[in-house]
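To start, the structure under review is shown below, and the notes come after it.
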Amino acid sequence: MVNREAKENGYHLCLHFDNGFGLSIISREGSYGYGSGFFEVGLLKDKGLVYNRDFPDVKGWLDFGEVDRLIKMVKAYDPLTYASESMNYGMETA
């Protein structure tokens with residue numbers, strides 16, 4: 001599932017995968033890399049921002065290739081392996 005939100009000052013794209021994980025991909029005012037053509041990416045689980053060993057924080061200053069690599073990596077996550085180490089901080093996304 002894909003949720004898109006376009007705004008005058010950039011955009012926000014949420015990808016949700018069959019394994020229950022997803023990515024929040026933004027390039028808008030206030031994000032890491034905005035204004036220089038880069039993206040900020042955060043890991044999602046159940047529509048909330050989560051962290052794990054691959055995502056100890058959001059990742060900023062990413063180009064298209066780096067975002068594509070993260071999409072493929074998270075899409076391939078085994079939900080049983082990553083469920084026990086993910087921590088949800090309750091930040092809801094679209």
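When the residues of region 23-50 are filtered to those that are among the acidic types (Asp, Glu) and surrounded by fewer than 17 Cβ atoms within 10 Å (Cβ to Cβ), which remaining residue is nearest to residue 61 (Cα to Cα)?
Filtering region 23-50 for residues that are among the acidic types (Asp, Glu) and surrounded by fewer than 17 Cβ atoms within 10 Å (Cβ to Cβ), the one nearest to residue 61 (Cα to Cα) comes out as 29.
For residue 90, are the conditions met, namely being exposed (fewer than 10 other Cβ atoms within 10 Å of the Cβ) and either at pLDDT below 95 or not in a helix (DSSP H, G or I) (or both)?
Numbers: exposed (fewer than 10 other Cβ atoms within 10 Å of the Cβ): yes; either at pLDDT below 95 or not in a helix (DSSP H, G or I) (or both): yes.
The answer is yes for residue 90.
Any residue in region 39-66 that's in a loop (DSSP other than H, G, I, E, B): show its pairings with residues that are among the acidic types (Asp, Glu) at Cβ separation under 7 Å, as long as the two are six or more apart or on different chains.
These pairs meet every condition: 47/92; 52/85; 53/85; 58/40.
Identify, please: which residue in region 43-65 is at pLDDT 95 or above and over 12 Å from the mean Cα position of the chain (by Cα) and is, among those, farthest from residue 33 (Cα to Cα)?
The extreme case among them is 65.
The values are calculated or read from the model by the stated rules, or taken from the named source; none is laboratory data. Since we're looking at a predicted model, the values are computed, not measured. Cβ atoms come from the backbone with ideal geometry, glycine included; neighbour counts cover every protein chain shown.
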